[in-house]
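The block underneath contains the structure these notes are about, expressed in structure tokens.
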Amino acid sequence: MGIIFSFLGWTVSDGNPDAITGLTETENRLIETSWAKIMESPLENGMAIMQSFLEKYPNYMKLFPFKHVPMDELKDNSRFKVHCTTVMYHISQLVNNLRDGKLLIAILDKLAANHKKLQVPPQGYDDIKGVILDILEAKVSLTAIQAWRKLLDLAMTHVRDQL
């Protein structure tokens with residue numbers, strides 16, 4: 001039976017969640033595989049996340065360097081595009097470090113410190129998490145979404161708790 005699991009890429013430890021992240025190896029792979037699809041168009045997907053976030057929660061617009069840009073002009077604004085690629089970079093850092101919980105937490109600590117200086121309200125992390133999940137739901141499987149929900153719950157709770 002172990003040979004079959006190995007052939008399929010599964011390990012016996014799939015059912016044992018990581019002590020820090022709470023993710024199993026199967027969940028790690030689901031996140032990585034689904035993120036690879038998203039990263040085929042990083043700017044487009046980053047813009048989809050940020051545009052959806054700001055349309056749903058316009059009160060956060062005041063926190064950004066592009067706050068005076070009309071919503072319908074954001075897609076052509078270089079500051080907006082830079083922020084969108086930065087969002088994608090930060091998510092990629094989480095995905096790239098799923099198996100190193102200590103480093104993942106350190107990355108989240110740095111993200112929290114940077115956003116604390118900007119006075120991002122704690123609710124903002126729950127709001128962006130919901131938007132990210134909404135964007136992902138249109139592009140990845142339900143099982144991948146469940147894994148993403150676990151990762152984003154960990155990430156956003158940790159960042160929010162650092163404020």
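Collect the residues in the range 20-48 that are among the acidic types (Asp, Glu) and either over 14 Å from residue 95 (Cα atoms) or touching a Leu at 6+ places or on another chain (Cβ under 9 Å) (or both), keeping them in residue-number order.
27, 32, 40, 44
With 103, 111 as the choices, which residue is under 13 Å from the mean Cα position of the chain (by Cα) and either closer than 25 Å to residue 18 by Cβ or not charged (D, E, K, R) (or both)?
None of the others qualify; the one that does is 111.
If we scan the range 60-81, do we find a residue that is within 19 Å of residue 120 (Cα to Cα), touching a Gly at 6+ places or on another chain (Cβ under 9 Å) and among the basic types (Lys, Arg)?
Keep residues of the range 60-81 that are within 19 Å of residue 120 (Cα to Cα), which gives 60-68, 79-80.
With the extra rule that they be touching a Gly at 6+ places or on another chain (Cβ under 9 Å), the set shrinks to 60, 63.
So of that shortlist, the ones also among the basic types (Lys, Arg) come out as none.
No, because not a single residue in the range 60-81 is within 19 Å of residue 120 (Cα to Cα), touching a Gly at 6+ places or on another chain (Cβ under 9 Å) and among the basic types (Lys, Arg).
Kindly list the number of the only condition in (1) of a type outside the set (A, V, I, L, M, F, W, C); (2) farther than 25 Å from residue 161 by Cβ; (3) not in a helix (DSSP H, G or I) that fails for residue 85.
Of the numbered conditions (1) of a type outside the set (A, V, I, L, M, F, W, C); (2) farther than 25 Å from residue 161 by Cβ; (3) not in a helix (DSSP H, G or I), the odd one out for residue 85 is (3).
Residues that are more than 19 Å from residue 37 (Cα to Cα), at pLDDT 95 or above and in a helix (DSSP H, G or I): does the range 90-102 have at least one? Lay out the reasoning, then the answer.
Applying the first criterion (more than 19 Å from residue 37 (Cα to Cα)) to the range 90-102 yields 99-102.
Of the ones still in play, those that are also at pLDDT 95 or above are 99-102.
Okay, now just the ones that are also in a helix (DSSP H, G or I), so 101-102.
Yes, there is a match, as at least one residue in the range 90-102 is more than 19 Å from residue 37 (Cα to Cα), at pLDDT 95 or above and in a helix (DSSP H, G or I).
If the requirement is being touching a residue at least 12 places away in the same chain (Cβ under 8 Å) and surrounded by 13 or more Cβ atoms within 10 Å (Cβ to Cβ), which of these qualifies: 100, 127?
The match here is 127.
Considering the range 27-59 alone, what residues qualify as being among the small types (Gly, Ala, Ser) and within 22 Å of residue 126 (Cα to Cα)?
Once the filter is applied, which keeps residues that are among the small types (Gly, Ala, Ser) and within 22 Å of residue 126 (Cα to Cα), the range 27-59 yields 34, 46, 48, 52.
The values are calculated or read from the model by the stated rules, or taken from the named source; none is laboratory data. Since the model is a prediction, treat every value here as computed from it, not as a measurement. FYI the Cβ positions are ideal-geometry reconstructions off the backbone, even for glycines, and counts take in every protein chain you see.
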